[in-house]
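Okay, so here's the structure we're looking at.
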Amino acid sequence: MAALVCLVAAAGCSGGGGGTDDRSGQEILDEANKAMDGLTSVTVEGTTTNPEGKGFTARITTDLHSKCTSKVTWSWNDAAIEQIRIGETDYVRPNRAYIEWWSDKSMDGDQDRWIKTPASEAEPGDGLADCPRDFSSFGTAKRGRPTEVGGTPAISVIVTDKSVKTGKYTFYVATEGKPYLLKVVYKGSDFRTTTTYSAFDEPLDVRAPAKVLDTDAWSH
């Protein structure tokens, strides 16, 4: 998950309009960071794969503060975990493959129950997400070429960093409308990741499931 969290850092872009665009890569990133920080909601989808072809996909829709929904699916064992976070409470629904993976025990039947648990009990690597996103620059940014992402005009920014010796990041930022970050691609010898951003400022309806198992009740 650390790789995915890293990729959900930010990048930048132009704000459209006429005239010559002579901004540096860093200036583009700074504008994008500011635009992304001002969002009231966004959907982030990512796919990470290692050289052996194993990896995971993740999707999170968040208000960037205290409410979000997410799902992570691992490619090599079909494990998946869904999450609804509202403030300090997580509602979690792991599938059977996920439970067997983490418990190292087999189970019968399907698993479709939601479990209520404190958000503070989430652990690194378990697939649960934090609602806040960190949109901030890192490394050395070099302005790239104009392009398109899903039909939206954009500009690429290539980012390298001393701490990332095996690859590089390419950020794609919208050049029409607000300078939102549209996509980040990391290519390296260790893994490859593609992260996309969409549904900017769309209404967010996050509610608790109707029926849940309460882990607090089990301990009393």
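The values are calculated or read from the model by the stated rules, or taken from the named source; none is laboratory data. In this text, all values refer to a predicted model and were calculated from it rather than measured experimentally. No Cβ is skipped: glycine too gets one built from the backbone with ideal geometry, and neighbour counts run over all protein chains shown. Accessible surface areas use protein heavy atoms only, side chains included; no ligands, DNA or RNA. Shrake-Rupley method; radii C 1.70, N 1.55, O 1.52, S 1.80 Å.
Between the beta carbons of A199 and D104, assuming R0 = 35 Å, the FRET efficiency works out to 0.40 to the nearest 0.05. How large is the Rg to Rh ratio of the stretch 89-152 when both quantities use alpha carbon positions and Rh follows Kirkwood? Computed over Cα atoms, the ratio is 1.20. For the residue pairs K142/K183; K34/K168; K71/K211; K116/K178; K34/K116, alpha carbon separations beyond 27 Å are given by K116/K178; K34/K116. The helix-only estimate of mean residue ellipticity at 222 nm for the chain, built from DSSP H runs of length n ≥ 4 each weighted as -39500 (n - 2.57), is -3500 deg cm²/dmol after division by the residue total. Cross-link partners for K67 among the aspartates and glutamates, with Cα-Cα distance under 16 Å and sequence neighbours closer than 8 places in the same chain left out: D37, E82, E88, D90, D130, D134, D201, E202, D205.
Solvent exposure of the chain amounts to 55 Å² per residue of accessible area, where only protein heavy atoms count and the probe is 1.4 Å. Relative contact order for the stretch 83-190: 16 percent, from Cα pairs under 8 Å spaced at least 6 residues apart, divided by residue count.
Using R0 = 45 Å, the C-beta based FRET efficiency linking I115 and T20 works out to 0.20. Note on K162: aspartates and glutamates with a C-alpha under 18 Å away, same-chain residues under 8 apart excluded, are D190.
When the alpha carbon gyration tensor of the stretch 18-88 is reduced to an equivalent ellipsoid, its three semi-axes come out at 31, 21, 8 angstrom, largest first.
The orientation-averaged shadow of the Cα convex hull for the stretch 59-133, equal to a quarter of the hull surface, comes to 5.0 nm². For the stretch 142-220, the Stokes-Einstein estimate of translational diffusion at 4 °C and a viscosity of 1.567 mPa s comes to 82 µm²/s, using the Kirkwood hydrodynamic radius over alpha-carbon pairs. Relative contact order of the stretch 142-220: 17 percent, from C-alpha pairs under 8 Å at least 6 residues apart in sequence.
Note on the chain: Cα convex hull, mean projected area over all directions, 13.8 nm². The accessible surface of the stretch 114-214, taken with every protein chain in place and a 1.4 Å probe, is 49 percent carbon and sulfur.
Most simply put, the stretch 76-214 has about 90% antiparallel DSSP beta bridges, counting only bridges with both residues inside it.
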